[in-house]
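What follows is a short report on a single structure.
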Amino acid sequence: MTGVAAPPAEETAPTLPGPGRRPLRHTLTGAVTWGGLWVFVGGLLLAVATVLLTSLTTQFTDGWLPRGYTTRWYAQSWATFDLGHLLATTVGVGVAVVAVTLAVALPTAYVLARLTFPGRRLLLLLILVPQVVPVMTYAVPLATLVYRLRLNDTLAGIVLVNLVPAIPFAVLVLVPFVEQIDPRIEQAARVCGATNRRVFVHVLGPLLVPGLLAAGVLTLVRVVGQFELTFLVSGPDSQTLVVALYGAAVQAGELASQEINAMAVVYMLTTLVLLLAALRLVDPTAVAARDRRSRR
Amino acid sequence: MRAAGPAGATSDLDHPEAYRLTWRDRARQRGLTPTLWLVAPGVVFMIVFFVYPLCYGVGLSLQGTGGWFSAYRDFFANRLVNDHGSRESILITLELALAASIVNVALAVPVAYRMRGTVRAKRTIMAVVLVPMTLGTVFVASAMKEFLGPSGWLNRALLHTGVVDQPLQLVGNFTGVLLSLVFTGLPFAFLLMVGYTSGIDPSLVQAAAVCGARPAQRFWLVTFPLLLPGMTITFCLSFVLAFGVFPSATLVGNDAGPTRVLSKIAYTEYSYGRYPTASAAAVVMAVVQLAVLGLVLWGRGLLHRGPTTGGKG
Amino acid sequence: MTGRGSGGGALRIRALRREFGSFAALEGLDLDVPAGEFVALLGPSGCGKSTALNLLAGLLEPTTGTVSLDGRRIDRLPPEKRGIGMVFQNYALFPHLTVADNVAFGLRMRGCPKPERAERVRRSLDLVRLRAQADRYPRQLSGGQQQRVAIARAVVVEPRLVLMDEPLSNLDASLRLDLRTEIRALHQQLGLTTIYVTHDQAEALSLADRLVVLRDGTVQQVGTPAEVYERPANAFVAGFVGYRNSVPGELAAGVFDAGPLVLRVGGTGSTPPDGGRVVAMIRPEDLLITREPATGAGNEVPVDVRVCEYQGRSFAVEGTGPGGRVLHGRSDQPVRPGERAVAVVAPDRIRVFAAPEEGARAGGAALLAGREPS
């Protein structure tokens with residue numbers, strides 16, 4: 001277990017037999033750590049495999065594997081849940097939320113990263129509080145409000161409620177990206193005669209592309225997985241995939257479990273495509289650890 | 001400085017001391033520049049769709065059918081959700097969320113600590129660990145339900161190898177929900193901790209080694225104290241994630257009994273159209289959660305807070 | 001060289017080599033350091049000097065080779081068992097510990113009893129004049145103070161060997177000079193065997209008893225500062241210690257010939273190779289730019305002045321010599337750009353070395369002139 005991802009220092013054990021050869025460091029704790037990681041990964045893979053297998057099962061047996069395989073549940077599931085419509089809703093909501101979020105969050109993030117002004121702490125509070133208040137606490141009154149605006153069971157209503165956690169979250173993601181850009185670059189552009197708009201279009205915009213991609217992809221991932229808010233506001237015509245999946249899973253007794261798992265697989269594939277896109281665009285370690293830079 | 005100059009005699013340029021500051025100048029000196037208008041859309045949106053609903057919710061919770069605090073009285077008298085125990089839910093939710101976040105942090109720290117250097121396949125490990133975060137609570141819960149169930153693979157394997165002679169009861173109770181919460185919450189905790197561990201200057205650990213500290217001493221005397229602030233934050237955010245969700249409790253657990261969480265109560269009341277009691281449950285939730293966060297952050301304040309790099313580095 | 005050191009500390013390095021993949025960062029270092037000596041490893045970045053230091057500290061493992069301290073092999077020991085002190089470039093002070101606790105850390109690890117610990121911490125803080133700051137945290141100190149804490153932390157355990165990794169490179173110029181003097185004084189006082197890594201030749205020359213000049217992982221020259229400064233072993237070392245003018249050409253019978261530029265070269269110094277491609281190197285200080293050539297034994301070369309900079313006592317002049325070669329010299333009086341002047345250099349101030357092989361990197365600012373001998 002240790003060999004799979006041990007630090008290089010331990011892999012390249014000295015080949016020279018010498019006096020006081022260095023022993024392998026933290027062998028026990030290392031084994032426990034990597035063992036724990038593998039239990040986690042193994043459990044996850046097996047759980048996903050269970051879902052996948054169930055969705056392909058013709059008939060369950062007492063053994064490890066089903067008796068036969070079929071793909072007909074996918075067709076059935078597609079028809080029962082109207083998966084096409086669900087996917088369209090999910091994608092539509094996701095794209096709309098990301099677009100609005102970025103447009104609103106970027107200016108806010110810019111100001112937070114660059115300026116000190118009276119009320120800055122208050123603004124920061126407005127950004128941070130949504131991260132630490134339970135979703136249900138504002139979801140219930142927000143849903144009531146959406147209902148009064150007659151936006152329940154509409155795409156607009158779902159986009160609206162999803163914007164509430166998305167905007168402050170995107171601001172938090174974007175602030176470090178803005179901070180990372182040396183303000184002197186902007187000043188240099190201004191000294192060269194660029195107007196605000198040009199500074200943004202020609203200097204800030206291009207430099208912020210990685211940040212916008214990161215914020216956009218992370219927001220999209222969150223919207224697609226966002227359950228509580230969407231659940232409270234959506235109706236039969238405006239469900240997203242997660243909400244429909246929850247609805248199906250709750251009434252598991254009444255539906256064939258293969259059908260539910262087929263939908264789960266469709267949902268999983270959607271999110272995995274997103275994750276792959278995210279990993280192509282954003283290095284999670286780089287997002288997490290941008291402050292470490294070699295000083296040599 | 002602001003004394004009025006001889007009116008009209010000379011221009012302001014000749015007598016700069018005579019120049020009167022307008023309100024614009026004074027606002028500018030305090031940092032109120034026109035650029036600040038950029039925050040207007042975000043602020044307006046958040047006030048209308050976050051702050052207002054929050055206040056509105058508190059207001060709703062006070063409009064119970066039996067007077068001002070009747071919704072809360074109903075909550076604490078277990079009269080919600082068809083007279084099931086709503087008061088116990090506070091404890092249930094707290095236990096679940098605390099257990100999940102403690103497990104998450106305890107697992108995330110050592111793995112993240114080992115990932116700080118250059119590790120082979122680091123990207124792959126990161127990607128695999130991030131999968132459940134993307135899958136979300138609903139999917140993980142429904143997958144766990146099958147996997148952990150009496151005829152799921154886990155129990156089959158345990159029975160087969162003779163570790164147990166009866167299927168473990170992992171679904172419909174606390175354990176199942178906890179496992180489900182760990183699977184969804186750990187990636188997030190891990191991602192945060194990778195940030196914090198790689199923020200620690202490696203030369204600090206090297207310096208400790210050169211000073212004679214053994215590996216365990218290096219971790220406990222240098223790395224651990226420097227990681228504590230980050231661990232606190234990770235704990236808090238994990239707690240927030242675990243505290244508010246109910247799909248795991250509903251799908252893997254048993255929301256009529258042992259895993260009836262607060263958010264499920266709020267939802268059920270809401271779905272019955274009983275908005276005051278739904279809001280009361282939601283407010284109780286917020287109060288409990290913020291109390292825990294406050295307590296943890298207060299505890300953190302007692303400990304050292306500082307830069308995690310040596311010197312200017 | 002003298003055995004001032006109290007607790008020994010004779011270092012012996014044999015064939016020390018470290019590879020990263022197929023790249024050899026350090027190719028076979030051999031070095032004997034008597035107890036109490038101050039040795040500087042000098043070279044440009046990427047020359048292997050930091051690798052060498054990390055190998056001595058135990059932060060890296062050698063691919064091959066041995067290191068022994070007072071006759072005991074330490075090259076396979078983990079850093080914590082080597083009993084050395086180290087000063088890091090970025091100080092690496094523990095931010096969560098006070099200055100006193102930072103200094104006490106090594107003593108604590110060695111199980112030193114509390115009263116003695118306090119006494120030794122106090123003494124070493126006195127040594128770096130930071131006793132008043134004992135209860136502060138590193139972030140409350142200036143860069144220079146932080147580095148003095150780091151030095152105190154390294155010497156408080158009275159290690160047999162002290163390693164310093166570019167300790168002054170994060171400080172600004174004037175502070176650097178002060179702390180340099182302080183390090184020298186501290187070494188004279190304590191007599192601890194010290195290995196000091198730097199890319200700054202002035203620092204190395206002023207601090208060390210002996211220099212080791214490195215390039216691309218190989219040793220170029222080992223010698224006292226005077227030896228290295230006066231008699232560099234090759235063109236690279238010469239370039240690194242200030243021979244800024246470098247002219248490729250051919251040598252025959254004491255006469256250096258580079259096309260239009262012909263110089264008589266003198267007796268002392270390195271042994272000029274017979275015939276073949278060579279490179280002549282001259283310090284700017286030895287190349288006097290003047291309007292009226294003095295009647296002397298020096299070589300005289302016509303120069304078109306391009307740039308003249310005031311530098312206090314003299315003027316730094318850049319000009320173009322015969323064949324378009326850029327030459328750097330000194331002048332006692334100001335000269336104007338465009339002016340025709342004469343560069344005078346004594347034959348014994350010219351060093352002639354075998355020309356570096358094709359493709360080898362030029363050291364520092366050397367070989368600025370005529371980089372491509374066509």
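Being free of Cβ contacts under 8 Å to residues at least 60 places away in the same chain and within 10 Å of chain B (Cβ to nearest Cβ): is that true of C:P113 here? Even if it seems obvious, please write down each step before you answer.
Values: free of Cβ contacts under 8 Å to residues at least 60 places away in the same chain: yes; within 10 Å of chain B (Cβ to nearest Cβ): no.
Judged against the criteria, C:P113 is not a match.
Given the structure, is B:L290 open to solvent by 40 Å² or more (accessible area, probe 1.4 Å), within 13 Å of the chain's Cα centre (by Cα), at negative phi and without any contact (Cβ under 8 Å) to a residue 12 or more places away in the chain? Yes, satisfied.
Filtered by the rule that a residue be farther than 15 Å from C:L53 by Cα, buried (at least 24 other Cβ atoms within 10 Å of the Cβ) and without any contact (Cβ under 8 Å) to a residue 60 or more places away in the chain, segment C:68-93 gives a lone residue, C:A92.
Restricting A:L115, A:L106, A:L125 to those that are without any contact (Cβ under 8 Å) to a residue 24 or more places away in the chain and either among the aromatic types (F, W, Y) or more than 8 Å from every other protein chain (Cβ to nearest Cβ) (or both) reduces the list to A:L125.
Look at (1) crowded, with 21+ Cβ neighbours inside 10 Å; (2) touching a Leu at 6+ places or on another chain (Cβ under 9 Å) and you find that A:Y69 fails only one, number (1). The residue pairs whose first member lies in segment B:121-135 and is within 7 Å of chain A (Cβ to nearest Cβ), whose second member is hydroxyl-bearing (S, T, Y), and whose beta carbons are closer than 6 Å, counting only pairs six or more residues apart or on different chains, are B:P132/B:T184; B:T134/A:T271; B:L135/A:T271.
Say whether the condition of being touching a residue at least 60 places away in the same chain (Cβ under 8 Å), under 21 Å from B:S203 (Cβ atoms) and open to solvent by less than 20 Å² (accessible area, probe 1.4 Å) is met by at least one residue in segment C:140-150. Can you show your working first?
Kept after step one, since they are touching a residue at least 60 places away in the same chain (Cβ under 8 Å), are these residues of segment C:140-150: C:147, C:150.
Going one step further and asking which of them are under 21 Å from B:S203 (Cβ atoms), we end up with C:147, C:150.
Among the residues that remain, those that are also open to solvent by less than 20 Å² (accessible area, probe 1.4 Å) are: C:147, C:150.
Checked segment C:140-150: at least one residue is touching a residue at least 60 places away in the same chain (Cβ under 8 Å), under 21 Å from B:S203 (Cβ atoms) and open to solvent by less than 20 Å² (accessible area, probe 1.4 Å).
B:L107 - would you say it is facing another protein chain (nearest Cβ under 7 Å), open to solvent by 40 Å² or more (accessible area, probe 1.4 Å), part of a helix (DSSP H, G or I) and modelled with pLDDT of 85 or more? When the stated conditions are applied, B:L107 passes them. If only residues of segment C:29-61 that are over 19 Å from the mean Cα position of the chain (by Cα) and open to solvent by 10 Å² or more (accessible area, probe 1.4 Å) are counted, the one that is farthest from the other protein chains (Cβ to nearest Cβ) is C:P34.
Counting only strands (runs of 3 or more DSSP E) wholly contained in segment C:117-222, the ones carrying 3 or more residues that are aliphatic (A, V, I, L, M) occupy C:161-165, C:210-215. Which pairs do you get when a residue that is closer than 15 Å to B:V287 by Cβ and away from chain A (no Cβ under 14 Å), found in segment B:52-78, comes within reach of a residue that is assigned to a helix (DSSP H, G or I) and of a type in the set (D, E, K, R), reach meaning Cβ atoms under 7 angstrom, with the pair 6+ apart or on two chains? The qualifying pairs are B:F76/B:R87.
Checking each residue of segment B:158-171 against the condition of being under 30 Å from B:I92 (Cα atoms), of a type in the set (D, E) and in a loop (DSSP other than H, G, I, E, B) gives at least one match. Would you point out the residue of segment C:260-275, among those that are open to solvent by 20 Å² or more (accessible area, probe 1.4 Å) and in contact with a strand residue (DSSP E or B) (Cβ under 7 Å, 6 or more places away or on another chain), that is modelled with the lowest pLDDT? Across segment C:260-275, the extreme among qualifying residues is C:G269.
The values are calculated or read from the model by the stated rules, or taken from the named source; none is laboratory data. It should be emphasised that the depicted structure is a prediction, and the values quoted were computed from it without experimental measurement. Here Cβ is always computed from backbone atoms with ideal geometry, including for glycine, and neighbour counts include all displayed protein chains. Heads up: the accessible areas ignore ligands, DNA and RNA and are worked out on the full protein's heavy atoms, side chains in. Shrake-Rupley method; radii C 1.70, N 1.55, O 1.52, S 1.80 Å.
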